[in-house]
């Protein structure tokens, strides 16, 4: 993309700004406090998270997740405020996730945000979850104008910034990549602690064979549901050994759960890297930023790095503190729009399960 | 094997060279498309993808050639090595000829487009071709209709993926050439043809100013050539337009 020298519409703050961010669009409940200082720097004062973990073989249901968030909200927020060393009175605004995500968990957290706003008389800022991920990734890595691959349990998108909007270049046509991996983890009964995706990654490191799976990129989009179905079907194959051991000394032609994890990862990540590369070639960018929970997968980061180097570019990624859903990213994106003069009046602090990344007006970027 | 390689562009998929296959002086230049090995992909996955994509592209081209659609001729296929050599087209892309409104690109959009000998003077780019803008739109509509009648779906119809031949280079053949069949496939479904047209409509809208009358004349020519099949495609195209971007995000 041609370098346009345009001044950022975001003025340097005349005083330090503080924001509390609350996130609970899926099974993580997060609270974090960020400070934007007069020299333009940002500091993470606290970043606390509590994850709702279900038994192996089970996913998280909206009602139970909302219940978890309600039970933990006070503890997590108290903890975040205490660790930050600032008081609620000093905050400039309270930011919460407006969407997208699961309805019931979103509502429970929004309710907490509204209550705090009324109690301490602080303005509210509704934040798009995806924009939160992007802004936090940019802040942490210092990437200027990257192509963003946003991969998590609920979202899979290739995004690039253009004219005050994060445009979606490619996305999944059916399920998200995190959903695909998590669901397969449940099929082979991997633990949900710390996360099914993490356990898939560890299992895949032991895998050796690549089994043929469908490869479904369509232009800049991907389709993942068929890959999941095919991998699931392979667990019914007579060559599959669920315990990973051969049946006897003559048993040579077999594959293990680790092989399936390996094959699934290799295939879906290759698809993701391919569509990211297409987007990079299309807009002529050399930077890639990976955000979202699946972004903490080191194999994905490695593959993306190889691709970026082949193109003479580089990859930016963050670790699990900022990749996986957290409160601080909501605070970061919320504070940016607050400094542009944007707040959400109480009557409009609703949540929505459907909130596209490209619906947000990115006022703070040139 | 190939001689005198000149790299023209690197897209996401492939590196594109201008090359010669023989030392013979009379040999003509070809466009060599190399789907190189992607280091990030598992070797066996990469090999099977490359093989099937090169073969798929060659197959689509052959199908077009057999049905009289104007596409570059095939000169060499080496699917296991990811090589496809096609006829070198002397001319310019339609995107260039229409004058795109976009910010000037540093490099060709997809690297798959052979752009050559673009006139440097300040005359209208269409002048050396002796074709009016309207006539060019008719050529586009007709070629797409011929391709769809052969049940080939291009998959990536943009003005960058169409070229106009310079009149001197080959007088007998059709002037407009459809290129880059990397995403092409075979389908007789009305849905796929309508989506193909919709992709082109969006490409026109995003790259060329005031493209509406231009695209309308493309569609008119397409309609005439498609004959009886037009109505079904037209109806589906209206539906596809309403769909807009595939879906509202869930979750």
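Listed values, structure above:
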item	result
Crossing angle, helix A:129-141 versus chain A [Cα axis fit, 0-90 degrees, rounded to tens]	90 degrees
Alpha-carbon gyration tensor eigenvalues x 5, square-rooted, for the range A:112-168, Å	28, 13, 11
Among beta bridges that DSSP assigns inside the range A:138-321, antiparallel share in %, nearest 5	50 percent
Stokes-Einstein translational diffusion, the range A:240-366 - Kirkwood Rh over all Cα pairs, 0.692 mPa s, 37 °C, in µm²/s	178 µm²/s
Between 0 and 90°, nearest 10: helix A:327-339 axis offset from chain A longest Cα axis	40 degrees
Residue among A:79, A:250, A:193 with the largest mean-square fluctuation in a Gaussian network model of chain A, springs linking Cα atoms under 10 Å	A:250
The range A:307-366: translational diffusion in µm²/s, Stokes-Einstein, Kirkwood Rh over Cα pairs, 25 °C, 0.890 mPa s	167 µm²/s
Principal axis box of the protein assembly as shown, alpha-carbon based, largest edge first, Å	81, 71, 48
Projected area averaged over orientations for the range A:142-242, convex hull of C-alpha atoms, nm²	8.3 nm²
Segment residue A:245-residue A:233, length gained on full extension (0.36 nm per residue, minus Cα span)	2.4 nm
Longest to shortest principal axis, alpha-carbon extents of chain A, angstrom	74, 50, 31
Principal-axis tilt of helix A:177-187 within chain A, Cα atoms, nearest 10 degrees	50 degrees
Radius, Kirkwood style, for the range A:138-321 when every pair of distinct Cα atoms is counted (Å)	17.0 Å
Space enclosed by the convex hull of the alpha-carbon atoms of the range B:41-82, per residue, Å³	58 Å³
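Read-outs: derived from the displayed coordinates by stated rules, not from any lab. Quantities reported herein were computed from a predicted structural model and do not represent experimental measurements.
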